[in-house]
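First the structure, in the form of structure tokens, and then the observations on it.
The values are calculated or read from the model by the stated rules, or taken from the named source; none is laboratory data. This one's a predicted model, so the numbers in the text were calculated from it and none came from an experiment. Cβ placement follows ideal geometry from the backbone for every residue including glycine, while neighbour counts extend to all protein chains displayed. Protein only, heavy atoms only, side chains kept; ligands, DNA and RNA dropped before computing areas. Shrake-Rupley method; radii C 1.70, N 1.55, O 1.52, S 1.80 Å.
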Amino acid sequence: MTPKKLLLLPGDGIGPEVMAEVKRVVAWFEKAGRAKFEIEEDLVGGAAYDAHGEAISDAAMHKAKAADAVIFGAVGGSKWDKVPYAQRPEAGLLRLRKDLGLFANLRPAICYPALTEASSLKREVVEGLDIMIVRELTGGVYFGEPKEIVTLESGEMRAVDTQVYSEHEIERIARVAFDLARVRGKRVASADKRNVMKTGVLWNAVVSRVHASTYKDVELTHILADNCAMQLVRWPKQFDVIVTDNLFGDILSDQAAMATGSLGMLPSASLGGKDANGRRAALYEPVHGSAPDIAGKGIANPIATIASFGMALRYSFDMGAEADLLDAAIAGALAKGLRTADIMQDGMTKVSTAGMGEGICAELERLSQL
Ligand code: IPM
Ligand code: MG
């Protein structure tokens, strides 16, 4: 077995705590002889700023480029509120996305059967929910230039962000969405704001063109992004795959996450294109943030980060059976009643971050013996 190169970037806040549970799961897979990993670790976000004065060092970027997959915790916290904009913790994550070319962000929103009551939405609305948000991640208003605050002659300040998309950026993300839909429910909803934005007009046209040329077997609908937000709380199960731009994807994926019961449950994968050797850069991270308010208390939910490692098994390492096993172990730990504070319910067993990691490893052990 050639060892897979993993770079762990725990980051700030609860990042190191949830990453510790990923290490526990990685150790289980190694001990069980199901995989071998070569693991490196480095700083990102505020932790990197404190150590090197920047949100990610060149050395860490170098390791990220050499890795088969990066597992990312979370960045940010009020401690770094006064840090210059270019060095703010989030800049580390944005540099990773941009420099590794991670244009496709896959954010599944799955409602585990054990958690149907934890959602703020009614049981019948979320039960069995399984949707995939495909967010464009290296373009749009996140990276468009100019991006600045200028002082006008009058002395008034003016801020500009630029929403910009080229055809190839829309085309490649549309293909990712259609390919995923083919192995899921065969339906794609493309969300844009073509009624107000030129980027929306182009987005709509390019997605339609890609569909007509190659993906007629998949059903395509276009939806305005605001209506999509509304439909996600009204009847989220109408969706299979949603494809959208960077900013709308940021917002819609947080919204979809809440339908599942907790932001602490959702993993994500950020993928680049394949190079000539079939290799592609990949970063896996929980959708939740660094949650500074609960950091260091050992109460954070590690499931999103563990499930992100599961996505690495599936999408980077072609270890679908192991990924399925890990998903089943997470569902199993939940079915046994284990709950971190964020998803606690009457009659269940409240566990710490480590308790949940241990519970998932116990389920891995049990399920692999069946
Ligand atoms: C996310 C986060 C990031 C984003 C932040 C931390 C820069 O909200 O991954 O959704 O806006 O993309
Ligand atoms: Mg976000």
Review point. Given a 1.4 Å probe, how much area per residue of the chain is accessible, in Å²?
Key: 43 Å²
Review point. Counting only protein heavy atoms and using a 1.4 Å probe, what share of the accessible area of the chain belongs to carbon plus sulfur, as a whole percent?
Key: 53 percent
Practice item. Express in whole angstrom the spacing between the alpha-carbon centres of segment 114-137 and segment 152-208. Key: 24 Å
Revision key, fill the gap. Output ordering of 203-214, 268-279, 62-73, 154-165 (per-residue mean of other Cβ within 10 Å, highest first) is 62-73, 203-214, 268-279, 154-165
Practice item. Check the straight Cα-Cα distances from residue 186 and name the aspartates and glutamates below 16 Å, setting aside those fewer than 8 residues away within the same chain. Key: 130, 217, 219, 240
Point to revise | Backbone N under 19 Å from the residue 238 label point (7 Å along Cα→Cβ), restricted to segment 165-204 | key: 185-195
Exercise for review: Kindly provide the trypsin sites (Lys or Arg not before Pro) of segment 215-257 that DSSP labels as loop, not H, G, I, E or B, and whose Cβ sees at most 11 other Cβ atoms within 10 Å.
Suggested key: 216
**Study point:** Virtual paramagnetic centre 7 Å along Cα→Cβ of residue 275, amide N under 17 Å, in segment 45-89
**Key:** 59-70
Point to revise | Rg to Rh quotient for segment 130-259, alpha carbon positions, Kirkwood Rh | key: 1.04
Point to revise | Extension gain from residue 293 to residue 147, taking 0.36 nm per residue of separation minus the Cα-Cα distance | key: 49.5 nm
**Study point:** Beta bridges per DSSP with both ends in the chain, % antiparallel, nearest 5
**Key:** 40 percent
Exercise for review: Sort the following peptides by mean Cβ neighbour count (other Cβ atoms within 10 Å, averaged over residues), highest first: 20-30, 117-127, 319-329.
Suggested key: 20-30, 319-329, 117-127
Study note, to complete from the structure: Between residue 226 and residue 122, the FRET efficiency computed from the C-beta separation at R0 = 25 Å comes out, to the nearest 0.05, as 0.65
Check your understanding: Given the rule -39500 (n - 2.57) for each run of at least 4 DSSP H residues, summed and divided by the residues of the chain, what is its mean residue ellipticity at 222 nm, to the nearest 500 deg cm²/dmol?
Key -> -13000 deg cm²/dmol
Exercise for review: Beyond 27 Å between alpha-carbons counts as too far, so tell me which of 31/336; 65/216; 216/274; 31/297; 5/147 fall in that bin.
Suggested key: 65/216; 31/297; 5/147
Practice item. With only alpha-carbon atoms counted, please give the Rg and Dmax of the chain, in Å. Key: 20.4, 74
Practice item. Please figure out what share of the DSSP beta bridges in segment 130-259 is antiparallel and state it in percent, rounded to the nearest 5. Key: 25 percent
